[in-house]
C-alpha cells in the first residue's frame, strides 16, 4: 500500500495568498483553505505550527516574489535601464502579484509588523529603481523624484477612478511613463 500523499507546503502557501488577495488576512483560515484544497486540516499541521506560521511564510513568499525573483528576472532578460524600469513595474505589479500587494498594503495599515515588512519591500524596490534611474539621470534629486513618481504611479494607478477626457487610461499611463523615462 502506498503512503498517503501530503499536500505540499507550497500549495498551502499559494492558497493562503489567494485568500489574502481576495479577502484580506481574516480570510486566511485553516478550515476554508483545507476545504478549497480538498484535504483535511491535519495536513496543515504537518507543515505549520499554527495559522501565524502560515501567515509569516505567505509574507516571506510575497516578499521573495516581488523583490528577489522580480529583480532577477529583470536582470536576466536584460535591456537598457529604461526597459528594465518598465519590466520591473510590470513584473512587480503583475496580475499575480498585484492583488497580493494591495492586500498586504491594506493589512499593513492595521498591523505594525506587516507595515515594517512592507517598508522593507518598498525600500528594496525603491533602491532598485534608484539604481536604474541613476544610469541615465545625473542629478540625485532627479533620480529620487523619478523613483518616487514611478513607484507611486505603479501603486496609485490602481486606486484612482478618474476619467481622462477623450484619452484612455492606457494612453495617459504610457505618456506618464514616457515622461518619467525621458
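Observations on the model:
- Members of the range 4-33 that are closer than 18 Å to residue 105 by Cα and in a loop (DSSP other than H, G, I, E, B): 24, 28
- Remark: pairs (first residue in the range 135-157, within 18 Å of residue 101 (Cα to Cα); second residue outside any helix (DSSP H, G or I); Cβ separation under 9 Å; 6+ apart in sequence or on different chains) = 154/93; 155/93; 157/93.
- Test: residue in the range 69-86 that is over 24 Å from residue 136 (Cβ atoms) and modelled with pLDDT of 95 or more: yes
- Subset of the range 153-167 (residues that are surrounded by 11 or more Cβ atoms within 10 Å (Cβ to Cβ) and farther than 27 Å from residue 105 by Cα): 167
- Lone unmet requirement of (1) crowded, with 19+ Cβ neighbours inside 10 Å; (2) within 13 Å of the chain's Cα centre (by Cα); (3) without any contact (Cβ under 8 Å) to a residue 60 or more places away in the chain for residue 89: (3)
- Filtering 101, 142 for residues that are at pLDDT 95 or above and within 28 Å of residue 47 (Cα to Cα) leaves a single hit, 101.
- When the range 20-58 is filtered for residues that are within 14 Å of the chain's Cα centre (by Cα) and under 23 Å from residue 6 (Cβ atoms), the ones remaining, listed by number, are 20, 58.
- Some residue of the range 34-52 being over 30 Å from residue 133 (Cα atoms), out of contact with any helix residue (DSSP H, G or I) (no Cβ under 9 Å at 6 or more places or on another chain), at pLDDT 95 or above and not in a loop (DSSP other than H, G, I, E, B): yes
- Checked against the criterion of being surrounded by 13 or more Cβ atoms within 10 Å (Cβ to Cβ), over 20 Å from residue 23 (Cβ atoms) and over 11 Å from the mean Cα position of the chain (by Cα), the candidates 174, 83 yield just one match: 83.
- Residue within the range 109-118 that is surrounded by fewer than 15 Cβ atoms within 10 Å (Cβ to Cβ), out of contact with any helix residue (DSSP H, G or I) (no Cβ under 6 Å at 6 or more places or on another chain) and under 17 Å from residue 64 (Cβ atoms) present: yes
The values are calculated or read from the model by the stated rules, or taken from the named source; none is laboratory data. Fair warning: this is a prediction, and the values are worked out from it, not measured in the lab. So basically every Cβ, Gly included, is an ideal-geometry build from the backbone, and we count neighbours across all protein chains shown.
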